[in-house]
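Computed from the coordinates by the stated procedures, all read-outs in this text should not be read as laboratory data. Everything numeric in this text was worked out from a predicted model, so none of it was measured. With ideal geometry, Cβ positions are generated from the backbone for all residues, glycine too; neighbour counts draw on all protein chains shown.
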């Protein structure tokens, strides 16, 4: 069941549903490359779409911070 939910919540169909029902600027940013190619999304979320897409594409997962890190990669704490 969890896999089905994650697949649905990260799928293109979910983004189209959110865009159609809540507005394209409410589609979660940063999940799918196809979102940034969608003309409806770009028209409504243009104020932040380019900045977000560029930040994601230019991020270095081996060096994610602005200062040196003692370990490589992205670290996180599960809650």
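Nearest 10 degrees, 0 to 90: what angle lies between the long axis of helix 12-22 and the longest principal axis of the chain (Cα atoms)?
Between helix and principal axis, roughly 60 degrees.
What spacing in nm lies between the two simple spin-label points modelled at residue 60 and residue 2, each 7 Å away from Cα in the Cβ direction?
3.3 nm
Tell me which label goes with the value of Rg and Dmax of the Cα atoms in Å computed from the coordinates here: (1) 11.2, 33; (2) 14.6, 48; (3) 15.3, 45.
Label of the calculated value: (3).
Quick one: length gained pulling residue 34 to residue 50 fully straight, 0.36 nm per residue minus the C-alpha distance? Mind showing how you got there, number by number?
On the way: separation 16, 0.36 × 16 = 5.76 nm, distance 1.32 nm.
Length gained, residue 34 through residue 50: 4.4 nm.
Hey, rough spin-label estimate for residue 25 and residue 72, points 7 angstrom out along Cα→Cβ, what's it come to in nanometres?
With each label point 7 Å from Cα toward Cβ, the separation is 4.1 nm.
Using per-residue counts of other Cβ atoms within 10 Å, averaged over each peptide, order 59-69, 31-41 from highest down. Kindly include the intermediate steps, with their values, before the conclusion.
Values: 59-69: 9.1, 31-41: 15.0.
So the order, starting with the most tightly packed, is 31-41, 59-69.
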